[in-house]
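Right, one structure below, let's go through it.
The values are calculated or read from the model by the stated rules, or taken from the named source; none is laboratory data. Note that this is a predicted model, so its numbers are computed, not measured. All Cβ positions, glycine included, derive from the backbone under ideal geometry; neighbour counts span all protein chains shown.
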Amino acid sequence: MHFVRLAATSLIASASLPPVSSFALSSYSISKLSLLSIAAQRSFATGTECNASSTDKEATSPFSQMHYDPEYPGTAVQRLKAVHERVRVISADGTLNGPWEEVRRRILWAGGLRDLPDAVPGKGYTGHSFNDWNHVDLTTMNDDTADNLNDGSVKGIAVGNRLGPGIRIASQPELGSGGSWSTCAMGCNQNPPNDVAHIQFRSRIAFKLVWVPNEQYDTFVLVDDDGKLLARGKPSDGPDKLPHLRERMMNYKIMEGSKYASVADQIARET
């Protein structure tokens, strides 16, 4: 998913990060805008589209008795519930603590997405899904909203942003009607969220992947649309095999201060 460059070239050039080995969050003087600019450059370069809780209790979906979401009518509610069932499986079976690529495939499976790393972007490609800072929202949208376009309301995302064909190719039909996609999370720190799921597709997210801001950013959580914990993992081959440190930092930065960062913040304080 392509999006607009967010800062001038001079700003990007001035925002170099120190080596990972010397990383400490407190040592950074990089502004949020600079980080966004760097991440924007990486997305252009790659050509992509755009198990403990804070209470130690299992999060309960507000949709357990719902078939239609009046606030976000584009939500494929039954598909969302099926995704949550699968997340419970991967939360309990230990696979979220395995090698990163296996972890990512399990996250795709839980979300009802096929692993299609060799497909053409826009034609079902999911190699970027949960592999960068931005494409971390698992959205379940109704069939009649899958072809919705961005009319410019989602800032930083290309006008148009046609995702329908890729959604239909990559979505696993056994989870029910509608489709799944790893939509862009930028804008989710606003209230209400101003991101692709909530604005373009008028849909809640089934879950969001957030990297925990500990020293190495080597732990992640999956949280629901209310920011409640669904699952947690620490891949066994991290941090070097994880998405680049810069991507993980930027992922947390776009969540910071919002309901979606609350669980990650608590885990960081406890570790």
Notebook entry, point to check: Any idea which of R248, R232, R269 is surrounded by fewer than 24 Cβ atoms within 10 Å (Cβ to Cβ) and in contact with a strand residue (DSSP E or B) (Cβ under 6 Å, 6 or more places away or on another chain)?
Noted result: R232
Margin query: For a quick check of your reading: which strands (runs of 3 or more DSSP E) sit entirely within region 187-271 and have at least 2 residues that are more than 13 Å from the chain's Cα centre (by Cα) and either more than 26 Å from N150 (Cβ to Cβ) or among the polar types (S, T, N, Q) (or both)?
Written below: 229-233
Note to self: Scan region 127-136 and tell me whether some residue there is of a type in the set (F, W, Y), in a loop (DSSP other than H, G, I, E, B) and on the phi > 0 side of the Ramachandran plot.
What the structure shows: yes
Margin query: Can you tell me which of (1) modelled with pLDDT under 95; (2) crowded, with 16+ Cβ neighbours inside 10 Å; (3) more than 22 Å from K253 (Cβ to Cβ) is the one G160 doesn't meet?
Written below: (2)
Next item on the list: Please indicate, with yes or no, whether at least one residue in region 150-168 is within 18 Å of N131 (Cα to Cα) and assigned to a helix (DSSP H, G or I).
Entry: yes
Notebook entry, point to check: Among the residues of region 109-123, how many are part of a loop (DSSP other than H, G, I, E, B) and in contact with a strand residue (DSSP E or B) (Cβ under 9 Å, 6 or more places away or on another chain)?
Noted result: 3
Checklist line | Criterion: part of a helix (DSSP H, G or I), touching a helix residue (DSSP H, G or I) at 6+ places or on another chain (Cβ under 7 Å), surrounded by fewer than 22 Cβ atoms within 10 Å (Cβ to Cβ) and not polar (S, T, N, Q) - qualifying residue of R106, R79 | finding: R106
Notebook entry, point to check: Do you know which of the residues in region 197-218 that are touching a strand residue (DSSP E or B) at 6+ places or on another chain (Cβ under 7 Å) and more than 22 Å from I167 (Cβ to Cβ) is surrounded by the most Cβ atoms within 10 Å (Cβ to Cβ)?
Noted result: V210
Item checked: Meets criteria (out of contact with any helix residue (DSSP H, G or I) (no Cβ under 6 Å at 6 or more places or on another chain), under 27 Å from M249 (Cα atoms) and of a type in the set (G, A, S)) for S180 -> yes
